[in-house]
Each structure stands twice: as structure tokens, then as C-alpha cells.
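Some notes on the structure that comes next.
The values are calculated or read from the model by the stated rules, or taken from the named source; none is laboratory data. If you're wondering where the values come from, they're calculated on a predicted model, not measured in any experiment. FYI the Cβ positions are ideal-geometry reconstructions off the backbone, even for glycines, and counts take in every protein chain you see. To get the accessible areas, we keep the full protein, side chains included, count just its heavy atoms, and leave off ligands, DNA and RNA. Shrake-Rupley method; radii C 1.70, N 1.55, O 1.52, S 1.80 Å.
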Amino acid sequence: MSKQMELRLTGSGGQGLILGGIILAEAAIMDGKNAIQSQSYGPEARGGASKAEVLISTEEIDFPKVQTADLLLSLTQVACDKYVDLIGKEGLLLVDSTVKVPENTQAGEVVQIPILETASEVIGKPMVANIIAIGAINAVLNIVSKESLEAAVLNRVPKGTEELNRRALEEGYKLGARA
């Protein structure tokens, strides 16, 4: 991992991306890195564009906001259209396969994977899309250890859903590895 990674996770309110950001930050801290996580919702909250930001660094973090995203995850078209300009020229744009990538994106790399479809068809629970997404992100960027990510997921998900979320994380890793 380079010195600092700036991640922006976007989608609609209710997709659990804030929790996804918290889990990534927690896993980084378990790995002995520094992490800051922040979030914002559109005025609509559920259904509107939501955004979680995570900064992970091996050094001290000077500024608590993402300036140029190394990774922009978008699970919805609305979120992608709203935030696509905030990705760096070296950055990775990771979108759900239902999202049409805007032609004006300056991302260094674009990866489309079926996160939402995997959640509803493979796992059978649309609400685990966030866990699939963070598994895919980590498979592509390798920012935290697999052990810490799984531990952070299991710390944060509702009791009784651990096995479901473990499976979702594994599916995310598979999607990311194929990308």
C-alpha cells in the first residue's frame, strides 16, 4: 500500500456504505494503520446519494477529508454521476454493473462488477451489497489484511448474520479478483 489511500464509497442511502466505510477504517486500525472515516447523506437520506469517505495511511493523516479519491465506488447511477469528477487521474472507478460510466470520467482505471446482482441472486439478500463491495475493494487494492477485514465485518454486523456476511465478503473477494 502506498503511504495514504483515499476512498470514497457512494450509493444510495440505505445501502450500508457508511457501515462499509466504518468496517474498512476499523480493519485498517487493527492492522496498525491510521484511519479516518466520515460520511454525508443527500437531503433525501434513504434513496438519495450517500457518501462515506475513508482515509487509510501508514503515516499521520493531516487532513480528514478525501481530496482526490484513489478509489471511487459507486453502486448507483445517481451517485456515480454526482461524484465521478472527484476521482484522480490515477484513481480506480469501481462501479456496479448496472451503472453506465460517464464518458467524461478521468479515472485511470474503470472496473464494473455485479455487486448488487451478486447480493440479490448469489447470496439472496440485497442488503449485503456493502459487504460484497468492501470485499471487492480489498481484493483489488489490498489495503487491509483479509483477517482484519473479516474481523471488522463480524464485529459490526447484526448478531445472527455473521455467516451470511462472511459469505458476502468471500463473494466480494471473488468479484474483485476477477476484475
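Could you say which residue among Ser12, Ser74, Ser40 is of a type outside the set (Phe, Trp, Tyr) and without any contact (Cβ under 8 Å) to a residue 60 or more places away in the chain?
Details: Ser12 fails: without any contact (Cβ under 8 Å) to a residue 60 or more places away in the chain; Ser74 fails: without any contact (Cβ under 8 Å) to a residue 60 or more places away in the chain.
The unique qualifying residue is Ser40.
Just give me the residues in region 117-134 being in contact with a strand residue (DSSP E or B) (Cβ under 7 Å, 6 or more places away or on another chain) and surrounded by fewer than 15 Cβ atoms within 10 Å (Cβ to Cβ), in sequence order.
Just the residues of region 117-134 that are in contact with a strand residue (DSSP E or B) (Cβ under 7 Å, 6 or more places away or on another chain), to begin with: 133.
Passing the criteria: none in range.
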Within region 10-37, which residues are in a loop (DSSP other than H, G, I, E, B), farther than 12 Å from Arg156 by Cβ and under 12 Å from the mean Cα position of the chain (by Cα)? Gln15
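Are any residues in region 135-150 open to solvent by less than 40 Å² (accessible area, probe 1.4 Å), out of contact with any helix residue (DSSP H, G or I) (no Cβ under 6 Å at 6 or more places or on another chain) and hydrophobic (A, V, I, L, M, F, W, C), and if so, which ones? Talk me through it step by step, then tell me what you get.
At the first step, the residues of region 135-150 found to be open to solvent by less than 40 Å² (accessible area, probe 1.4 Å) are 135-139, 143-145, 148-149.
Adding the requirement that they be out of contact with any helix residue (DSSP H, G or I) (no Cβ under 6 Å at 6 or more places or on another chain) leaves 137, 143, 145.
Matches in region 135-150: Ile137, Ile143.
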Out of (1) surrounded by 14 or more Cβ atoms within 10 Å (Cβ to Cβ); (2) of a type in the set (D, E, K, R); (3) without any contact (Cβ under 8 Å) to a residue 40 or more places away in the chain, the odd one out for Asp85 is which? (1)
For region 95-148, how many residues are farther than 29 Å from Ala35 by Cα and part of a helix (DSSP H, G or I)? 5
Of these, Thr98, Thr76, Thr58, Thr68, which one is hydroxyl-bearing (Ser, Thr, Tyr), open to solvent by 70 Å² or more (accessible area, probe 1.4 Å) and closer than 25 Å to Asn165 by Cβ? Thr98
